[in-house]
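For reference, the structure is listed below as structure tokens.
The values are calculated or read from the model by the stated rules, or taken from the named source; none is laboratory data. Because the structure is a prediction, the values reported are computed rather than measured. Note that each Cβ is placed from the backbone with ideal geometry, even for glycine, and that neighbours are counted across all protein chains shown. Heads up: the accessible areas ignore ligands, DNA and RNA and are worked out on the full protein's heavy atoms, side chains in. Shrake-Rupley method; radii C 1.70, N 1.55, O 1.52, S 1.80 Å.
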Amino acid sequence: MERLTLEMVKEHPQVKVLIQKANDTLGVLGFTEHGFRHCSLVAGTARKLLLELDGSAEEAEKAAIAGYLHDIGNIMGRREHDTAGALIAMHILLDLGAPLEEIADIAAAIGNHDEQEGQVVNRLAAALILADKTDVHRSRVRNPDFATFDSHDRVNYAVKESNLKIDGKTKTVTLSLQIDTSICRVMEYFEIFLNRMVLCRRAASYLGARFTLVINDTQLL
């Protein structure tokens with residue numbers, strides 16, 4: 001078969017339906033946006049990370065595919081969505097005729113992207129983790145009632161600007177945020193997202209890079 005590409009995956013009818021339905025499911029459960037915008041952004045960022053950090057075009061494309069499919073398991077609900085997503089992705093990629101070796105790498109990345117139990121098991125997983133965990137911004141909040149925001153809503157809504165900078169020369173990945181501290185204190189960001197930031201540091205290290213965090217023009221990591 002011709003080499004598997006992100007565009008081929010995007011056009012698969014099951015992918016289109018399941019990503020939409022998974023996002024709908026999370027909306028009912030009160031979670032932030034995890035739809036086509038998030039999946040496309042994570043796919044693009046994962047690809048860029050590997051291209052900037054000495055990855056091949058082929059490897060970067062596989063990371064993009066993992067990024068696009070990583071949240072498809074939310075169709076089953078949030079709990080263990082990473083494992084469910086890996087299994088669903090395997091089924092779809094087998095249907096597309098992808099080599100089993102590539103499917104295994106992509107599934108391993110998807111199955112390890114959650115900060116609760118995920119581990120950096122390969123370069124695709126490292127790129128996926130960094131791309132996914134750094135997508136924080138008020139545009140992801142779907143709850144229209146500020147008075148009923150949970151902690152994740154409040155932290156995301158407080159982020160007015162979010163920018164991920166990848167410097168291939170210095171091997172540095174920097175998440176730069178501008179936070180409205182009247183909505184969320186900087187320390188609250190750490191309280192909520194500490195596990196994510198620790199996993200980002202591990203992921204960057206796996207890629208031979210350093211992860212830094214800048215909030216309101218102050219470097220904190």
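General remarks:
- Carbon + sulfur, % of accessible area of segment 1-118 - ligands and nucleic acids excluded, 1.4 Å: 54
- Cα-centre dipole for segment 80-221 with unit charges at Cβ (Lys and Arg positive, Asp and Glu negative), debye to 20: 660
- Accessible area, probe 1.4 Å, largest first, for residues LEU220, LEU96: LEU220, LEU96
- Computed label-point distance, nm, for sites LEU94 and PHE146 using a 7 Å Cα→Cβ extension: 5.0
- Solvent-accessible area per residue in segment 1-96 equals 46 Å², computed with a 1.4 angstrom probe and all protein chains kept.
- Rounded to 10°, Cα long-axis angle of helix 123-133 versus longest principal axis of the chain: 40
- Span per principal axis, largest first, for the Cα atoms of the chain (Å): 54, 43, 26
- Considering only THR134, VAL42, MET76, and ranking their Cα positions along the charge dipole of the chain that arises from unit charges at the beta-carbon of Lys, Arg, Asp and Glu, the one farthest toward the positive end is THR134.
- Charge tally in the Cβ shell below 12 Å around GLY27, where Lys, Arg are +1 and Asp, Glu are -1, GLY27 excluded: +2
- Per residue, segment 101-221 exposes 46 Å² of accessible surface when a 1.4 Å probe is rolled over the protein heavy atoms with every protein chain present.
- Number of Lys-Lys pairs in the chain with C-alpha atoms under 20 Å apart and a separation of 8 or more places or on different chains: 13.
- In terms of accessible area, using a 1.4 Å probe and ignoring ligands and nucleic acids, VAL120, VAL155 rank largest first as VAL120, VAL155.
- Rounded to the nearest 20, the size of the Cβ-charge dipole of segment 173-215 about its Cα centre is 260 debye, with Lys and Arg at +1 and Asp and Glu at -1.
- Within-14-Å neighbourhood charge of ASN112 [Cβ basis; K, R +1; D, E -1]: -4
- Top of ALA203, ALA66, ALA22 by mean-square fluctuation, Gaussian network on the chain, Cα under 10 Å: ALA22
- Candidates SER151, SER182, SER205, ranked by Gaussian network fluctuation over the chain, Cα under 10 Å, top entry: SER182
- The charge dipole of segment 140-217, taken about its Cα centre with unit charges on the Cβ atoms of Lys, Arg (+1), Asp and Glu (-1) only, comes to about 500 debye.
- Prolate/oblate/rounded call for segment 9-66, Cα gyration tensor, a/c under 1.5 rounded: oblate
- For segment 1-53 versus segment 85-117, the gap between their alpha-carbon centres in whole angstrom: 13
- Counting Lys and Arg as +1 and Asp and Glu as -1 over every other residue whose Cβ lies under 13 Å from the Cβ of GLY55, the net charge comes to -1.
- Extreme residue, positive dipole direction of segment 67-148, given options ASN122, GLY85, LEU96 (C-beta unit charges): GLY85
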